[in-house]
Every structure is written in structure tokens, then in C-alpha cells.
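Bear in mind that the values in this text are calculations on the coordinates, not laboratory data. All of these numbers come straight from a predicted model, not from anything done at the bench. Every residue, glycine among them, receives a Cβ derived from its backbone with ideal geometry; neighbour counts consider all protein chains shown.
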Amino acid sequence: MKPRFFAFGSQQLHSDAPQHHSLTRRMIGWIGLFVACLLLILYSFSQLDHIPLSTLTRDPADITGMPFYFGILSTLGVMLWSATTGVCGVGWLLLESSHQQRRFLGASALLSLILALDDAILLHERVFPKHLHIPENLVLAGYLGLGMAYLFYFLPRMLSTDYGLFMLAVGFMALSMIFDVIMPFHELATFTEDSLKFVGIVFWLSYFGRTVQTILAQAKLQRLA
């Protein structure tokens, strides 16, 4: 004979099962819709611009015949941007809708996603100027305005975190942009610029990883109190 505790747990599990199944089906539906829309966009883009589908799906190094280490630091940077997006996104999902830091994590995930896309497909360097005919300087000004709005709105909340890591991230990325503007193009200058940017991205991920961990731990303590 099972103890009453296990019997109650079994009843609770069975009573919650329909709700969990409903949520799972809903999630599968949203995932399927997202993937279908993405593939449809890629197919439409291929047909409109007469681009082979394999060009949109295969690895760039495989298409160009370049070695595996082709653009390795840039690829690692995109991976770190994406990791930050995921960390902040998971934190946003786990927090209750009324939590004061939830909007901060959601905005941070969105900002990191924009930066990841900019690095991955060269938004401000090629996509906007050459394909959408929006000047690069205007795009950069938009990025600057977005960053200033982010800081203006969330700076009071960031001051309660380990913001030193964030300052290091912004500082290294600012140095990278300064090198890009003032230094003539050559191997050492490019290496220095990209290295500074990569260090900034590492600190960016470190800051948000630490911040999400702290926010979730504090939220758990508040629920238990």
C-alpha cells in the first residue's frame, strides 16, 4: 500500500497532465509556425533574387571553399551574442510577469539579438546600405539612439547589479569602434579592433549571465519568504 503522500502526488500529477499536454501542443504549434515562416521567407528570397537555395542553407566556408577557421573569431562572437540572448530570454521567461526586472531582461535579450544579427549578416555594413538603401551612418545613429534609450530606462536597475562588467564590455567595444575609425586598414589594426570587440562581447555575456543568475536567485528567495 502506498503512503498517502505518494498517492496525493500521483493524483496531482494526473490532474496536471492535461494542462501540461495542452501547453506542449501549443509550444509545438508555435515552433512549427516559426520554422515554416522562416523557411518560406528563405524560399521566397531565393526565388525573387534567383539565388540557389543551397547558398542560403549551407555553411559559408563550405560554399566559398575556405578553410574551417575562416572568420573564426567573428563566428565565436556571434555565438556569444546568441548565448547572451538565450540567457536573458530564459530569465525573462522564468520570472513572473509582475517582477520588476522582467522587462529589463526582455529588453536585454532583444538588444543582444539585434547585435548578434548585425554581426552575423552585416546589417549596418551591407544589408541596410546596399539592399535597403538606408545610409550606414543613419543605421549607426539608430543603434546609438537605441542604446541611449536602453541605458536611460534601465540604468537605475543596472546600478543594483555588478555593472562593472557591463562598463568593461561597453568600454572595450567603444575602443574597437575608435580603432576602426582612426586606424588605417592593415592586418595588425584589424586584429586589434576585432580582438577588442571580442573581449567586449565576452564581458557582455559575463555581465548578463551573472545578472540573470542573481535576479533568479533573489526571486526564488522572495517566493520562499
- request: May I ask you to list the residues in region 88-110 that are surrounded by fewer than 20 Cβ atoms within 10 Å (Cβ to Cβ) and in a helix (DSSP H, G or I)?
  value: 89, 90, 93, 94, 102, 103, 106, 107, 110
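Please enumerate the residues belonging to region 23-74 that are among the polar types (S, T, N, Q) and either over 30 Å from residue 206 (Cα atoms) or out of contact with any helix residue (DSSP H, G or I) (no Cβ under 9 Å at 6 or more places or on another chain) (or both).
Across region 23-74, the qualifying residues are 24, 44, 46, 47, 54, 55, 57, 64.
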message: Tell me whether region 133-150 contains one or more residues that are touching a Lys or Arg at 6+ places or on another chain (Cβ under 9 Å) and not in a helix (DSSP H, G or I).
response: no
field: The listed residue being among the aromatic types (Phe, Trp, Tyr) and free of Cβ contacts under 8 Å to residues at least 40 places away in the same chain, out of 104, 68
entry: 68
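Is there a residue being farther than 23 Å from residue 103 by Cα and loosely packed, with under 13 Cβ neighbours inside 10 Å anywhere in region 193-200? First the steps, then the outcome.
Taking region 193-200 as the starting set, the residues that turn out to be farther than 23 Å from residue 103 by Cα are 193-200.
Restricting the remaining residues to those that are loosely packed, with under 13 Cβ neighbours inside 10 Å gives none.
Scanning region 193-200, I find no residue that is farther than 23 Å from residue 103 by Cα and loosely packed, with under 13 Cβ neighbours inside 10 Å, so the answer is no.
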task: Starting from region 124-140, take each residue that is closer than 17 Å to residue 45 by Cα and list its partners that are assigned to a helix (DSSP H, G or I), counting only C-beta distances under 7 angstrom and pairs at least six apart or across chains.
output: 127/121; 128/136; 128/139
field: Residues (surrounded by 13 or more Cβ atoms within 10 Å (Cβ to Cβ) and either in a helix (DSSP H, G or I) or free of Cβ contacts under 8 Å to residues at least 40 places away in the same chain (or both)) located in region 154-166
entry: 154, 157, 158, 163, 165, 166
- request: Within region 187-194, identify whether any single residue is more than 17 Å from residue 108 (Cα to Cα), touching a Lys or Arg at 6+ places or on another chain (Cβ under 8 Å), part of a helix (DSSP H, G or I) and not aliphatic (A, V, I, L, M), and answer yes or no.
  value: no
